[in-house]
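Remarks on the structure that follows.
The values are calculated or read from the model by the stated rules, or taken from the named source; none is laboratory data. Treat the numbers as computed from the prediction; the structure is a model and nothing was measured. With ideal geometry, Cβ positions are generated from the backbone for all residues, glycine too; neighbour counts draw on all protein chains shown. Just the protein is used for accessible areas: all its heavy atoms, side chains included, with ligands, DNA and RNA removed. Shrake-Rupley method; radii C 1.70, N 1.55, O 1.52, S 1.80 Å.
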Amino acid sequence: MTRVLVVDDEPQILRTLSLNLRARRYEVQAVPDGGQALGRAADWNPDLVILDLGLPDLDGVEVIEGLRGWTQVPIIVLSGRAGSQDKVDALDAGADDYIIKPFSIDELLARIRAVTRRGSGGETSPLVRVGDIQVDLARKSVHGPDGSEIRLTPIEWGILELLLRSPGKLIGQRQLLSEVWGPKHVKETHYLRVYLASLRRKLEPDPSRPRHLITEPGMGYRFEP
C-alpha cells in the first residue's frame, strides 16, 4: 500500500485529503507543520509527500530542502501561492509537481499516480511512444507511424529526452534551460517557447492543442504519455 504524508495547517484540507486518499487505498498520515513533517518522514519513510508551503513554523521550501538532504521521495506542492517565483523556488528546491489551491481531487489523484509511477518504475524504457510517434532514447532516433525518420535538432533532442525520461513529472524552466543550454541561460525562457513549438509541430497530431508535451504556465513542461 502506497504511503502518503500530507502536510497542511488547514484542518479541513487534512481531513478532505485523508478521507479521499484512504478511500482509494492509500495509507495516510497527516501533520500540520514543517517540523512534524520532517520528523514523520524520517520515522515513517513515506512513498509520497503532499506539502503546503504556508506552514506555521517552517516555510514549505525549507521542508523540501530538508527532505532533499536525504531522500528523493516524490513531493507534490499543494499551495495557495500562485506567483511564478513561489513555483520556481519550490521546483528548484526539489519539488516534483505544483498544484494551486483550490484544486480538483481528480487532478490531484492523477498527479499522484504520475509521480508514484515514475518513482517506482525504475529506468525509463529506451522506446517511448508519443502518440503515434516512436522515440528510441538509446539510439537517439524518432520515427513516425509510417516508419519514416523525424529529424530533430540537438537542442530539440535535449529538451525531449529530459521530458521523456520523467513521464508525468513537471520539469521546471530553469532545469531545462540549465541542462540544455547551460547555467548562464536560466532566464532565457523564450528559448523554451520557440523550441517546444517546434517539437509540437513535429510530434503532436494537433500542435495547437498538445496532448503529450504540456505547458504548465510559469512553471515548466511535462510529458504525458
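Worth pointing out:
- Of 67, 55, 91, 5, all but one fail to be closer than 25 Å to residue 163 by Cα and in contact (Cβ under 8 Å) with a residue 40 or more places away in the chain; the exception is 91.
- Verdict on residue 210 being open to solvent by 70 Å² or more (accessible area, probe 1.4 Å) and over 19 Å from residue 92 (Cα atoms): no
- Test result for residue 152, open to solvent by less than 20 Å² (accessible area, probe 1.4 Å) and modelled with pLDDT of 90 or more: no
- Check on residue 101, within 30 Å of residue 178 (Cβ to Cβ) and open to solvent by 30 Å² or more (accessible area, probe 1.4 Å): yes
- From 77, 88, 63, residue being within 20 Å of residue 12 (Cα to Cα) and either of a type in the set (Val, Ile, Thr) or within 14 Å of the chain's Cα centre (by Cα) (or both): 77
- Sole residue being among the hydrophobic types (A, V, I, L, M, F, W, C), modelled with pLDDT under 90, open to solvent by less than 30 Å² (accessible area, probe 1.4 Å) and under 20 Å from residue 37 (Cα atoms), chosen from 115, 73, 77: 115
- Of all residues making up the stretch 5-29, the number that are part of a strand (DSSP E or B) and touching an Asp or Glu at 6+ places or on another chain (Cβ under 7 Å): 1
- Candidates 164, 199, 176, filtered to the one that is modelled with pLDDT of 95 or more, open to solvent by less than 20 Å² (accessible area, probe 1.4 Å), of a type outside the set (D, E, K, R) and under 20 Å from the mean Cα position of the chain (by Cα): 199
- Residues of the stretch 36-64 satisfying the condition of being surrounded by fewer than 15 Cβ atoms within 10 Å (Cβ to Cβ) and in a helix (DSSP H, G or I): 39, 42, 43, 44
- Single match in 79, 18, 84 (criterion: within 24 Å of residue 117 (Cα to Cα), in contact (Cβ under 8 Å) with a residue 24 or more places away in the chain and polar (S, T, N, Q)): 79
- Strands (runs of 3 or more DSSP E) completely within the stretch 107-225 that count 1 or more residues being free of Cβ contacts under 8 Å to residues at least 24 places away in the same chain: 127-130, 133-136, 141-143, 213-216
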